[in-house]
Amino acid sequence: MRILVVGAGAYVLGRGTSGLGTVLPTLAEVSKQMDIDGVTICSTSDRGRSEVERAAAEINRRLGSSLKVTHELFERALRAGPSGAAAFDCAIVSVPDHSHFEIGARVLEAGLHCLMVKPFVPTTDEGRQLISLADTRRLYGAVEFHKRFDEANLIVRRMVNEGRLGTLAYATVEYSQRITVPRDVFAGWASRTNIFQYLGVHYVDLLHFITGYRPRRLTAVGHRGVLTGLGVDTYDSVHVMCEWEPPRAGGAGFVSQFAVGWIDPERSSAISDQRYLLVGSDSRIECDQKNRGLRVVGREGVEDINPYFSEYLARPGAPLEFAGYGYESIKRFLLDVDDLKQGRVDPSSFEGKRPTFRSALVSTAVLQAVRESLAAGSEWKDVDAAV
C-alpha cells in the first residue's frame, strides 16, 4: 500500500509542538504489521522537506520501524511518475479547515480513497458535493473522528443503547484549549475558522454517534476580545444550545449545551480540557476526558497526560510501540482500504459503521447553523443535514 498524506503540520508530524504528531507515528507503527510500500507527505513548499525527514528518522528510530517516507509538493505528487496519482492507494488529508473541500475534491478526482481530519468541511453544500463525487467514483470517504474509538465513549454508547439512562433529557459539553493553539501553532489560519468548527465538532459528532439522535435547531453566542487583542481575528469562545430529535418519530428529544473555547492559560495541565455530561430519566453519566488518572508534577509545572489517545508504550518484553484510540482511528481506515483493494467489501458497506462522509454531514450541518446564528445575532437556526 502506498499512502499520500496531504499536510505536514502538528497532527501529521508535530510541527510547532514538542511531539511528533499522530499520523506519521501511526503509519510507522502500522507498517510493522501490514505492507506499506511508502508514504509521501505533501506540504505547500519545499521548506517542509527537512522537517519531514527529521520526524520520519526520529519516529523510525523510536519504533524500530523502517517506513519509507518522502516529501513532495501536492501538485507534483498527483502527477509524479508515469502513473501519477494512481501510484497511491489512499490519501490522508490534514490541512486547515478552509482547504478541506478543495483538497478533498482533488484527492477524490484523482481516484483515491480519502480520510479527512476533522471537521469534514465547513458547509453542507461542500459536503454534499464530496459525497456525490465519492459515490460517482465508488470511493470510500471517511472523517478522522477518533473520539468514536475512545473506550470511555464506547462504554457510554453501550449504556445509552441498553437504555441505562432511560429517556435522554440533556447533555453538556465543556471543551477548551491553551491559548498557544490559536496564537502560535495555528496563527496562520486561526482567523479563518472558529473554535466551535475546529474543536467543538468532535462532540457534535460524538453525541450523534453515542445517541443516534440528530440535531434539529440551535442558537449560538460568541465572545471576542482576548485573541483579537493579540491580532488573531476570531472568537475566544462559542456557546451553543442545540435541540436533538430521536431516530424514531414520536419519541422525546433532548437538549445539549456546548461551551467551547481556546484561551486557557499556557500553564494549564493539558493542551485540551474536556468533559461531558449526559442526563436521562434514570441515570446520569459524567465523563472527564482530561483527567485520566496520570499526573506528572515536574519543574515546569503540572501535566495531566491522556495515555489512551496516542502514546509511545513500552510493553514488557516488546519493543516500543505507538498505540491509542487516535492510532486505532487511522489504522481502521487503512485496514478498510486494504479490504477494498482485495475486493472483500464495497464503499457503501461502511455506512452506519464508520464516520463516513455521509455520517459527518450531520456535524457539518451544525457548524453551518452555528455560523449563521452567530452572524444573525444568535437567532435560532434549523439544522439541515439531509444528503
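The values are calculated or read from the model by the stated rules, or taken from the named source; none is laboratory data. All values derive from a computational prediction rather than experimental measurement. Cβ placement follows ideal geometry from the backbone for every residue including glycine, while neighbour counts extend to all protein chains displayed.
Given the criteria closer than 22 Å to E144 by Cα, of a type outside the set (D, E, K, R) and in a strand (DSSP E or B), does F322 qualify? Reasoning before the result, please.
Numbers: closer than 22 Å to E144 by Cα: yes; of a type outside the set (D, E, K, R): yes; in a strand (DSSP E or B): yes.
Criteria met by F322.
Quick check on the range 193-210. Is at least one of its residues in a strand (DSSP E or B), touching a helix residue (DSSP H, G or I) at 6+ places or on another chain (Cβ under 9 Å) and over 20 Å from R275 (Cα atoms)?
First pass over the range 193-210, keeping only residues in a strand (DSSP E or B): none.
No, every residue in the range 193-210 fails to be in a strand (DSSP E or B), touching a helix residue (DSSP H, G or I) at 6+ places or on another chain (Cβ under 9 Å) and over 20 Å from R275 (Cα atoms).
Which of (1) more than 19 Å from A252 (Cβ to Cβ); (2) assigned to a loop (DSSP other than H, G, I, E, B) is the odd one out, the single condition L165 does not satisfy?
(1)
Quick one: in the range 21-70, which of the residues that are under 20 Å from A314 (Cα atoms) and of a type in the set (V, I, T) is surrounded by the most Cβ atoms within 10 Å (Cβ to Cβ)?
Among residues in the range 21-70 that are under 20 Å from A314 (Cα atoms) and of a type in the set (V, I, T), the one surrounded by the most Cβ atoms within 10 Å (Cβ to Cβ) is V23.
Being closer than 27 Å to G188 by Cβ, in contact (Cβ under 8 Å) with a residue 24 or more places away in the chain and either of a type in the set (S, T, N, Q) or surrounded by fewer than 17 Cβ atoms within 10 Å (Cβ to Cβ) (or both) is the filter here, so list the residues in the range 106-136 that pass it. First the steps, then the outcome.
Our first condition is that a residue be closer than 27 Å to G188 by Cβ; within the range 106-136, this holds for 106-110, 112, 114-127, 129-130.
Those left that are additionally in contact (Cβ under 8 Å) with a residue 24 or more places away in the chain: 106-110, 112, 114-124, 126-127, 129-130.
Matches in the range 106-136: E109, T123, T124, Q129.
Within the range 289-344, can you find the residues that are among the aliphatic types (A, V, I, L, M) and crowded, with 18+ Cβ neighbours inside 10 Å? Show your work before the answer.
Applying the first criterion (among the aliphatic types (A, V, I, L, M)) to the range 289-344 yields 294, 296-297, 302, 305, 313-314, 318, 320, 323, 330, 334-335, 337, 340.
Residues satisfying the conditions are A323, I330, L334, V337, L340.
Could you list, in sequence order, all residues of the range 231-262 that are surrounded by 14 or more Cβ atoms within 10 Å (Cβ to Cβ) and farther than 26 Å from A385 by Cβ?
Within the range 231-262, V232, D236 meet the criteria.
Quick one: would you say I131 is modelled with pLDDT of 95 or more and closer than 30 Å to L278 by Cβ? Walk me through it before giving the result.
Values: modelled with pLDDT of 95 or more: yes; closer than 30 Å to L278 by Cβ: yes.
The answer is yes for I131.
Could you grab me the full set of residues in the range 123-141 that are more than 13 Å from V387 (Cβ to Cβ), polar (S, T, N, Q) and over 19 Å from the mean Cα position of the chain (by Cα)?
T136 - this is the single residue of the range 123-141 that is more than 13 Å from V387 (Cβ to Cβ), polar (S, T, N, Q) and over 19 Å from the mean Cα position of the chain (by Cα).
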